[in-house]
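Read through the structure below, which is laid out as C-alpha cells, and then see the notes.
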C-alpha cells in the first residue's frame, strides 16, 4: 500500500477540533447505552440491527444532498470499504470488551491510536518521526503498561482488545485523510454501516454454526447467545443507537477530512473525560491510581506527538 504525500490537503483545524470533541461526547453517551444494553442482546444482533436501522437514515441524508446514485458508488469503492473494515474491527474489539472493562480504561487503550498514527505515517507516507516523536511513543507505551498492568491480578486479556483496536483505528484515519478526500461524508458513513451489518451477521452465523454448550453461552451471553426477541423497548434503544452512530460517523469522518490526523487524534482524548465521568455517575466505578497515571502518560504522549509533528500527516 502506498500514498502520495505530495497532494494538497485542506487545513481547517478549528472545524476538525469542534467536530471531534462533539463526536467524542456523543460516542461516550452511546457507549453508556451500549454497556447497559449488553445484558439484553448479543453483540452480533446489536451490530446488525443498529446498522440496519441507520442505513435508511443515511439514504435519506444522501437523497437530501442529491447523491441518490453516486452515494453507492462512493460507499462501495475500494478505499472507502477498506476504511470501513478497519473501523469495524476497532468497534468489534472495543464493544466486545465493553461488559468487562470500565469505559475509561477502554477509552485509554483505544486512544493509543495517535501513537500508531505516527508510526504508520512514517511507514506508509515517509513522514519522519523526530526525537520528540520517539519519546512520545515510548511514553505512550509506558502508559499502556501502567494502565493494563500485565503480570498482575489487575491484568485481563479484555483490556488488550482496545489497544489492538487502536491499530485498526489509526490505519482507518490515515486512509480517511489521504484516500477519501473526495468521498462524501454520508457515503463513508453508509459504507461503515454496511460493513458493520455484515460483521454482525457473520458473527451471528458463526455462533449458530458453532452451537456452543449451554454453560459456555450462559457464561458469555453477550458474545455467544443466539438472537433474542426484540420488543418495543429494544427497538427504541436500537433506533436511538442508530441515530447516535450516524452522528458519530459523520462527525469523525468530517474531522479527519478537515484537519491533520495527529491534530484530530489528540483531541479525541476528550472522550476520556466524558468516560471517566459516566463511569462514576452510572457505574460507580472510580479509576485506580495506576489507571489515572497510565491515562495521563497516554494523553501526554498524544500531546507530544502533536507538538513534535507540526501540522501532522498532510504537511
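Within the range 10-39, which residues are more than 17 Å from residue 173 (Cβ to Cβ) and in a loop (DSSP other than H, G, I, E, B)?
38, 39
Can you say whether residue 99 is part of a helix (DSSP H, G or I) and either closer than 27 Å to residue 281 by Cβ or at pLDDT 85 or above (or both), as far as the supplied structure shows? Please lay out each step first, then the result.
Values: part of a helix (DSSP H, G or I): no; either closer than 27 Å to residue 281 by Cβ or at pLDDT 85 or above (or both): yes.
Judged against the criteria, residue 99 is not a match.
Is it true that some residue in the range 55-65 is outside any helix (DSSP H, G or I), modelled with pLDDT of 85 or more and out of contact with any strand residue (DSSP E or B) (no Cβ under 7 Å at 6 or more places or on another chain)? So that I can check it myself, show each step before the final result.
Step one: of the range 55-65, the residues outside any helix (DSSP H, G or I) are 65.
When the remaining residues are screened for being modelled with pLDDT of 85 or more, the result is none.
No, that holds for no residue.
Just a yes or no: is a residue in the range 23-41 modelled with pLDDT under 90, over 19 Å from the mean Cα position of the chain (by Cα) and surrounded by 18 or more Cβ atoms within 10 Å (Cβ to Cβ)?
Taking every residue of the range 23-41 in turn, at least one turns out to be modelled with pLDDT under 90, over 19 Å from the mean Cα position of the chain (by Cα) and surrounded by 18 or more Cβ atoms within 10 Å (Cβ to Cβ).
Could you please find all residues in the range 124-139 being at pLDDT 75 or above and surrounded by fewer than 17 Cβ atoms within 10 Å (Cβ to Cβ)?
Of the range 124-139, the ones at pLDDT 75 or above are 134-139.
Selection gives 134, 135, 138.
Could you check the range 209-315 for helices (runs of 4 or more DSSP H) lying wholly inside it with 3 or more residues that are at pLDDT 80 or above and either under 30 Å from residue 13 (Cβ atoms) or out of contact with any helix residue (DSSP H, G or I) (no Cβ under 7 Å at 6 or more places or on another chain) (or both)?
Values: elements: 214-219, 221-224, 232-258, 261-267, 270-283, 289-308.
Result: 232-258, 270-283, 289-308.
Kindly indicate which of 204, 191, 270 is in contact (Cβ under 8 Å) with a residue 40 or more places away in the chain and under 23 Å from residue 146 (Cβ atoms).
Values: 204 fails: under 23 Å from residue 146 (Cβ atoms); 191 fails: under 23 Å from residue 146 (Cβ atoms).
Result of the check over 204, 191, 270: 270.
Considering only residues that are more than 16 Å from the chain's Cα centre (by Cα), within 13 Å of residue 73 (Cβ to Cβ) and crowded, with 23+ Cβ neighbours inside 10 Å, which ones fall in the range 171-192?
Of everything in the range 171-192, those that are more than 16 Å from the chain's Cα centre (by Cα), within 13 Å of residue 73 (Cβ to Cβ) and crowded, with 23+ Cβ neighbours inside 10 Å turn out to be 186, 187.
Do you know which of the residues in the range 66-78 that are assigned to a helix (DSSP H, G or I) and surrounded by fewer than 16 Cβ atoms within 10 Å (Cβ to Cβ) is modelled with the lowest pLDDT? Outline the logic, then answer.
Residues of the range 66-78 that are assigned to a helix (DSSP H, G or I), as a first pass: 70-75, 78.
Within this subset, residues satisfying the condition of being surrounded by fewer than 16 Cβ atoms within 10 Å (Cβ to Cβ) are 70, 73, 78.
On the way: 70: 88, 73: 91, 78: 94.
Result: 70.
The values are calculated or read from the model by the stated rules, or taken from the named source; none is laboratory data. None of these values were measured; they are calculated from a predicted model. We place every Cβ from the backbone using ideal geometry, glycine too, and count neighbours over all the protein chains shown.
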